[in-house]
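We did not get these values from a lab; they are worked out from the coordinates using the rules stated. Bear in mind that the values here come from a model prediction, so they are computed numbers and not experimental data. No Cβ is skipped: glycine too gets one built from the backbone with ideal geometry, and neighbour counts run over all protein chains shown.
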Number of protein chains: 2
Amino acid sequence: MAVNPLPLNTLHPVAGIHLATTNAGIKQTVRDDLLVIQMQHLAAREGTAAAVFTRNAFCAAPVVVARENVAQYRVDYLLINSGNANAGTGEQGLVAARATCQAIAEQQGCDPRSVLPFSTGVIGQPLPVSKIVAALPKALSNLQPANWEAAAKAIMTTDTLPKGVSHQFSLQNQLVTITGIAKGAGMIRPDMATMLSFIATDVALPKNLLQQSLQQAVEASFNRITIDGDTSTNDACVLFATGHSGVVLEHADDSDYAIFLDQLTQVCRKLAQAIVRDGEGATKFITVDVSGGANEAECLAVAYSVAHSPLVKTAFFASDANWGRILAAIGRAGLSDLAIERVQIDLNDVAIVRQGGVAASYTEAQGQAVMQHSEITIHIDLGRGTHREQVWTCDFSHDYVSINADYRT
Amino acid sequence: MAVNPLPLNTLHPVAGIHLATTNAGIKQTVRDDLLVIQMQHLAAREGTAAAVFTRNAFCAAPVVVARENVAQYRVDYLLINSGNANAGTGEQGLVAARATCQAIAEQQGCDPRSVLPFSTGVIGQPLPVSKIVAALPKALSNLQPANWEAAAKAIMTTDTLPKGVSHQFSLQNQLVTITGIAKGAGMIRPDMATMLSFIATDVALPKNLLQQSLQQAVEASFNRITIDGDTSTNDACVLFATGHSGVVLEHADDSDYAIFLDQLTQVCRKLAQAIVRDGEGATKFITVDVSGGANEAECLAVAYSVAHSPLVKTAFFASDANWGRILAAIGRAGLSDLAIERVQIDLNDVAIVRQGGVAASYTEAQGQAVMQHSEITIHIDLGRGTHREQVWTCDFSHDYVSINADYRT
């Protein structure tokens, strides 16, 4: 029941990236649950990889291993399984994650530290290493550039739809590609330990510049979505730059870099919004647009206070233009000296709150009409500055409680 | 459907406090919705009053007026209505709140600034001043010391039960009384703009000491409960000290003051817990008990991260001992250098997590058994210090969504 889901348009192959999926029988018996991504390096210039990981202090074993390896070694392979998060598994979990990397290294003759492991699924159960190792030969014999859609499907857990985005654009008079996939599962749901995204481009960027571009793009996309405020133990986003297009970006002040960053940000934002549209139990896609702030931090504090409020979210589920809940969520965001009488709230193009009370022009009929839309922007003007930030979220329904109450049964 | 609700035992009158309730037809047509509380002052020593109010920047008109008056003037009357919060009503709301104070002043011949107004109910609708003024003569002619139970009922909104606590104990060889009432309505629910509590004692305390005692007691009680993390626009707690018992406490270092503060804290804690037990849709009463912290702040950060997590709360609703969600909520509480392998989690007396993974002794049968209880303590030991804090909350059910989605319809 995703809200206006992103159609899975053509996912263009990225030269230098091969993918393969297979069923390892981890939790699924039919659907593929194992994905291998290989980066093929040019002789003249090695490809680079960048990654960002969950900030949760309780992070899964594969996150620990992947974070170590990507910081120090060239990346040749990613190994991703769904169905088991390998989180809350202590020292044994680390041993298990490293064992799967070792298995790829032995079969492919590479350094085990050139493999990054990722897991998504149930917390607290031992990773079935032998099943994964047994399934590897079939996957490794089937690595193909065209397998992005199958890859998007293999990483799904309770996602109702695969999520992928592909952009092609011109850099230095040459067509280049950015293609990415993501899985959410509804949400930031620690035991379905959640968000993964893998993105690749055929542009070449040095590793530090690639890392910088990924951090900036993630900050404006994956770090601007929320369903329930919970942060997963397994969240990760990886970006490859193979360099196979021949286009090279060396410096952040290069004008072509700005184009690349903009395109990368758009891809990340579409993937992030696709996760929210497929949020657990979501019936509405909500943009919280906060302007008139004195700085970025206070715009975000207000946006998240509104986006996390169960009272605001249940009101949207009920199609109730309950502006008192929005105003109260703004009021508790912790801004010093907030003059509530300067705050303005609009829902789409309907003026709701002016000067701390309901707008003179507002009618219940207007409120009812605007709440019928499946895409609603809450415009909040704080009236105390020029900064503006957006956050994306969804409503809070009976199905959210059902999905999360019944998940393990 | 409150969880093991507090029985409304005898609410002892407090000498010097008279109360009256009546129906003003604000939202209710049958049940009383207006409460007047009068403090009668001794000639020899005036009674004192202290108050704490919501920290929400968007606070209701009566909060603005009551905060002003209690800071500067002697308190003679409280005027409380349910059914309308007089919040989000702008400048007109202030005029309305002051008009009701003026009406009492005229009828009783007192200073209008000696009246504190309080409102609870729907946000954003004009306060029906004329209805309140019309109902006042009947209330004012009926002021009685024995009306505490009627008062507890008159301030209810969607509370399923009235909430009151009364303690009698000995100070300076004399029996003294603390009696209090509260209303929650389910919860920290800005549009049912929520928590009110009125407490009185016949002990005499100077105003600054009374304020200090109230702040300490509230910090350990009302400020330790949460249902959904939302903070109301109308929250207020008032404490009267009439002095009619003849017992006088002058200084904080008086040993009898410690006894008084302990009794006051117990009364506040019982009232606060009664609010959680009657939380919207609550089926379980949950104590989050965090020990082994380096300081109070980090214990509370962890406790609230767990107590606010929709994923933890839906798991408790489902009676699912989903320790991964608890561990993940601890991990995202923002503690620096948290060693997750030192964290221990127990549910009541069942060891769940040791060294970052599931406890060796743990069985699913143990987990299922402990989750059948309606009162569950989540013990979290951070293993990095000696501080300990407790927070009280409830689970998150289908009924929470129903109550909050359907409220205005």
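Below, the figures for the structure above:
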quantity	calculated
Pairs beyond 31 Å (Cα-Cα), from B:LYS131/B:LYS207; A:LYS138/A:LYS284; A:LYS313/B:LYS131; B:LYS27/B:LYS207; B:LYS207/B:LYS284; A:LYS27/B:LYS313	B:LYS131/B:LYS207; A:LYS138/A:LYS284; A:LYS313/B:LYS131; B:LYS27/B:LYS207; B:LYS207/B:LYS284
Label point distance in nm, B:ALA71-B:GLU341, each placed 7 Å from Cα along Cα→Cβ	5.3 nm
Whole-number percent relative contact order across the stretch B:1-85, with pairs defined as alpha carbons under 8 Å at least 6 apart	31 percent
Charge dipole magnitude, Cβ of K and R +1, D and E -1 - the stretch B:17-277, Cα centre, debye nearest 20	560 debye
Span-rule helices in chain B, defined as complete DSSP H runs reaching 30 Å or more along the axis (Cα) with Kyte mean at least -1.0	B:255-277
Global form of the stretch B:285-406, assessed from the alpha-carbon gyration tensor, a/c cut-off 1.5	oblate
Where labels lie 7 Å past Cα in the beta-carbon direction, separation of A:GLN390 and B:VAL95 in nm	4.0 nm
Within-12-Å neighbourhood charge of A:ILE181 [Cβ basis; K, R +1; D, E -1]	+2
Structure-based [θ]222 nm, the protein assembly as shown - -39500 (n - 2.57) summed over DSSP H runs of at least 4, per residue, nearest 500	-10000 deg cm²/dmol
Furthest towards positive pole of dipole, A:THR233, A:GLY16, A:ALA103, structure part chain A, Cβ charges	A:ALA103
Per principal axis, descending, Cα span of chain A in whole Å	72, 54, 36
Residue order, fewest to most beta carbons within 10 Å, for B:LEU171, B:LEU382	B:LEU171, B:LEU382
In sequence order, calculated HN-Hα J values of the stretch A:362-370 (Karplus, 6.51, -1.76, 1.60; Hz; x Gly/Pro)	6, 10, 4, 4, 4, x, 5, 5, 5
Test item: A:301-313 mean partner chain Cβ contacts at 10 Å	4
Karplus (6.51, -1.76, 1.60) ³J(HN,Hα), θ = phi - 60°, over the stretch A:149-162, in Hz, Gly and Pro reported as x	5, 4, 5, 4, 6, 5, 8, 5, 10, 9, 3, 8, 8, x
Ascending list, in nanometres, of distances separating the A:ARG55 label from those of the other copies (7 Å, Cα toward Cβ)	2.0
Peptide-level mean, for A:396-402, of C-beta atoms on other protein chains within 10 Å	5
Taking B:LYS284, B:LYS138 and counting other C-beta atoms within 10 Å, the order from fewest to most	B:LYS138, B:LYS284
Cβ-derived FRET efficiency at R0 56 Å, B:SER130 paired with A:ASN348, nearest 0.05	0.95
Per-copy distances of the A:ALA71 label point, shortest first, in nm (7 angstrom along Cα→Cβ)	5.0
Charge tally in the Cβ shell below 15 Å around A:GLN72, where Lys, Arg are +1 and Asp, Glu are -1, A:GLN72 excluded	+1
Other-chain or far-sequence residues with amide H under 5 Å of A:GLY83's (modelled H)	A:THR120, A:GLY121, A:VAL122
Per-peptide average of other Cβ atoms within 10 Å, ordering B:55-65, B:249-259, B:85-95, A:343-353 highest first	B:55-65, B:85-95, A:343-353, B:249-259
Normalised contact order of the stretch A:285-406, rounded percent, pairs of Cα under 8 Å and 6 or more residues apart	46 percent
Net charge over other residues, Cβ less than 13 angstrom from the Cβ of A:ARG388 (K, R count +1; D, E count -1)	-3
Rounded to the nearest 20 debye, dipole of the stretch A:291-409 from Cβ charges on Lys, Arg, Asp, Glu	240 debye
Ascending count of other beta-carbon atoms within 10 Å, so fewest first, for A:LYS153, A:LYS163	A:LYS153, A:LYS163
Size of electric dipole in the protein assembly as shown: Cβ of Lys, Arg +1 and of Asp, Glu -1, about Cα centre, debye, nearest 20	620 debye
Inter-copy spacing of B:SER130 label points, which lie 7 Å from Cα along Cα→Cβ, given in nm from shortest upward	8.4
Charge-dipole axis of the stretch A:17-277 as Lys and Arg at +1 and Asp and Glu at -1 on Cβ define it, positive-most pick from A:PHE169, A:GLN216, A:SER197	A:SER197
Shielding score for B:89-101, defined as the mean number of other chain Cβ atoms within 10 Å	1
Farthest positive-ward along the protein assembly as shown dipole, Cα basis, beta-carbon charges - from A:ASN4, B:GLY246, A:LEU116	A:ASN4
Candidates B:ALA139, B:ALA24, B:ALA359: whichever shows maximal mean-square fluctuation once chain B is modelled as a Gaussian network with Cα springs under 10 Å	B:ALA359
